[in-house]
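The values are calculated or read from the model by the stated rules, or taken from the named source; none is laboratory data. Note that this is a predicted model, so its numbers are computed, not measured. Ideal geometry is used to build each Cβ from the backbone, glycine not excepted, and the neighbour counts take in all protein chains shown. Surface areas here come from the heavy atoms of the whole protein model, side chains and all, with no ligands, DNA or RNA. Shrake-Rupley method; radii C 1.70, N 1.55, O 1.52, S 1.80 Å.
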Amino acid sequence: MTEVISWGNQVGNWRCGVAANVTEVDERTARVTVTSVWQSLGYGFNVNYCSAYVSMDGSGHGTSETVHAYSANGATVQLDAYSKTFTVAREAAAYPVTVAASFVMPDFQPGSSYASATVEVPARPSVVPDS
């Protein structure tokens, strides 16, 4: 699982988190993988249906799926639910991008939770011209 950057609002006994991992692809592009993280907070869950969404700087993608997560009362369970990798240009200087994730659960403890954070895209390596 990627490192959780930020947690969203709590709905009943669960919440959404957003995680991001920036990897260099080549000198001109980088990849940012954004993951929606679902977490139960000390309560037993068996989630039958949810909608998960991830975005980077407003460009996003979502999916609807079953999340099989059961925890006994008193236990906290965390799992990655949906990921998407975005390819971005590397500029002369590092720059921030906003990543976000959300969950919507319509059945048990229905509601939505949203989390966002900022990550840095690394700068393009400088090229020293030949003399």
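Below is a table of values for the structure above.
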{"item": "Hits in the stretch 73-97 (condition: within 15 Å of Ala30 (Cα to Cα) and not in a loop (DSSP other than H, G, I, E, B))", "result": "Lys84, Thr85, Phe86, Thr87, Val88, Ala89, Tyr95, Pro96, Val97"}
{"item": "Qualifying positions in the stretch 108-124 - open to solvent by 60 Å² or more (accessible area, probe 1.4 Å) and either of a type outside the set (Ser, Thr, Tyr) or not in a strand (DSSP E or B) (or both)", "result": "Phe108, Pro110, Glu120, Arg124"}
{"item": "Pair list, Cβ under 7 Å, 6 or more apart: the stretch 16-32 residue in contact (Cβ under 8 Å) with a residue 12 or more places away in the chain, other residue of a type in the set (Ser, Thr, Tyr) and open to solvent by less than 20 Å² (accessible area, probe 1.4 Å)", "result": "Cys16/Ser36; Cys16/Ser113; Val18/Ser36; Ala19/Thr35"}
{"item": "Unique residue being β-branched (Val, Ile, Thr) and at pLDDT below 85 when the list is Val4, Val34, Val54, Val11", "result": "Val4"}
